[in-house]
Amino acid sequence: MRILRLLTLAWLLCILLAIHAQGPNNTGTYYATANLQKGSALKTALAVIIGHGTQDLGYNALWEAYEKTDLRPDGTIWDMYSSITHYNPKTDRAGSYKKEGDCYNREHSVPQSWFNKQSPMRSDLFHVYPTDGYVNNRRGNYPFGENQGEIYTSQGGLSKLGKCTTTGYHSTVFEPADEYKGDFARIYFYMATAYEAAIAGWKSPVMSGNEYKPYVKWQMDMLMRWAKEDPVSQKEILRNEAVAKVQ
C-alpha cells in the first residue's frame with residue numbers, strides 16, 4: 001500500500017512538472033519572460049524573446065532557404081504575388097524579366113529602402129518572400145493598401161497597384177490577394193516587434209517614428225482588419241515553422 005501511495009505521488013509530481021514546463025496556452029517556456037507583462041513592456045519582452053538565438057543567414061542564402069520554406073506540394077515556388085507562376089526553385093530564380101511569369105526573385109514585404117538595406121532585416125526570411133520578378137518590380141517600395149488596380153493588375157487580378165481607397169491615405173499603394181492579406185499583416189506585426197529597437201528610424205509614408213506604435217493609424221487599422229478577415233492558414237503555419245528551423 002505504501003509503495004502504491006509513493007507511485008501515485010510520483011505520478012502526480014510528473015504531471016505537475018509537465019504542466020509547469022508546458023506553460024500557459026501550450027507555449028512551453030519560450031514565452032515565460034513575457035508572462036504578466038502588459039503594454040509596451042510586453043512588446044519589449046517579446047522583442048527580446050524573438051531576437052534570442054536568431055541567425056542572419058545572409059542575402060544569398062535565401063535562395064536555398066526557399067526550397068524548405070516556400071514550396072507548393074508540387075515542388076514549385078509558392079508565389080503570393082502571381083497566380084500564373086510555377087517556378088522551379090533552382091532554375092527559375094533571379095535573371096531578367098520582361099513580363100509576369102519570367103522568373104522569381106526575393107521580395108521584401110517591408111521594402112529595403114525603408115530600413116536602408118540594413119541587416120539583419122534585409123535577410124529575414126519571415127518577411128522576404130519569393131515572388132514573381134515583374135510583379136515585384138511593379139510593387140516597388142509602395143506601401144500595402146487597398147485600391148482599384150487602375151495603374152496595374154497582375155494576371156487573374158491577384159495583385160493590384162493604384163490610388164489608395166482606404167481612408168487616411170491617397171497616394172499609390174500595392175494590394176495583395178485577399179487570401180494573403182492576413183499573412184502580410186502578421187508579418188508587419190512581427191517586424192514591428194522583432195525590430196523594436198530600430199524601427200523608429202525607418203522612413204516610409206506608413207511609419208510613425210514610434211517604436212511602440214510604428215505604423216500610422218490608417219495603416220495599423222487596415223492591417224488589424226486584414227489579420228481578422230484572413231485568419232492564420234495551414235500554409236502560414238507551416239511556413240512559419242520552416243523559417244524558424246532555418247533561421
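No value in this document is a laboratory result; all are computed from the given coordinates. If you're wondering where the values come from, they're calculated on a predicted model, not measured in any experiment. No Cβ is skipped: glycine too gets one built from the backbone with ideal geometry, and neighbour counts run over all protein chains shown.
Things worth noting here:
- Each stretch of four or more DSSP H residues adds -39500 (n - 2.57); spread over every residue of the chain, this sum gives -12000 deg cm²/dmol at 222 nm.
- Relative contact order computed over the range 120-161 (Cα-Cα under 8 Å; 6+ residues apart), in percent: 29 percent
- For the chain, the residue among Ala47, Gly209, Trp114 whose Cα projects farthest onto the positive side of the dipole built from Cβ charges is Ala47.
- Net dipole in debye of the range 107-233 [+1 Lys, Arg Cβ; -1 Asp, Glu Cβ; about Cα centre; nearest 20]: 340 debye
- Report note on the peptides 130-142, 102-114, 36-48, 148-160: ranked by the mean count of other C-beta atoms within 10 Å, highest first, their order is 130-142, 102-114, 148-160, 36-48.
- Between the range 71-104 and the range 120-134, the Cα center-to-center distance that results, in Å: 14 Å
- Three-way shape label, the chain, alpha-carbon gyration tensor, a/c 1.5: prolate
- Filtered chymotrypsin sites (Phe, Trp or Tyr not before Pro), the range 190-238: DSSP coil and at most 16 other beta carbons within 10 Å: Tyr212
- Gyration tensor (alpha-carbon) shape descriptor, the range 82-229, a/c threshold 1.5: oblate
- Euclidean distance of C-alpha centroids, the range 143-170 and the range 206-247, integer Å: 19 Å
- Rounded, prolate or oblate (a/c below 1.5 giving rounded, otherwise prolate when a/b exceeds b/c) for the range 153-241 by Cα gyration tensor: oblate
- Taken over the range 119-247, lysine pairs spaced eight or more positions apart, or on distinct chains, with alpha carbons under 15 Å apart number 4.
- The chain: relative contact order in percent, alpha carbon pairs under 8 Å with at least 6 residues between: 17 percent
- Taking every C-alpha pair closer than 8 Å and separated by at least 6 residues, the mean separation divided by the residue count of the range 158-218 gives a relative contact order of 23 percent.
- Between 0 and 90°, nearest 10: helix 217-229 axis offset from the chain longest Cα axis: 70 degrees
- Size of electric dipole in the chain: Cβ of Lys, Arg +1 and of Asp, Glu -1, about Cα centre, debye, nearest 20: 640 debye
- Close amide H pairs (under 5 Å, H built 1.01 Å from N) link Ser159 with Ser154, residues at least 5 positions away or on another chain.
- Of the peptides 173-180, 62-69, the order by per-residue mean of other Cβ atoms within 10 Å, starting with the highest, comes out as 173-180, 62-69.
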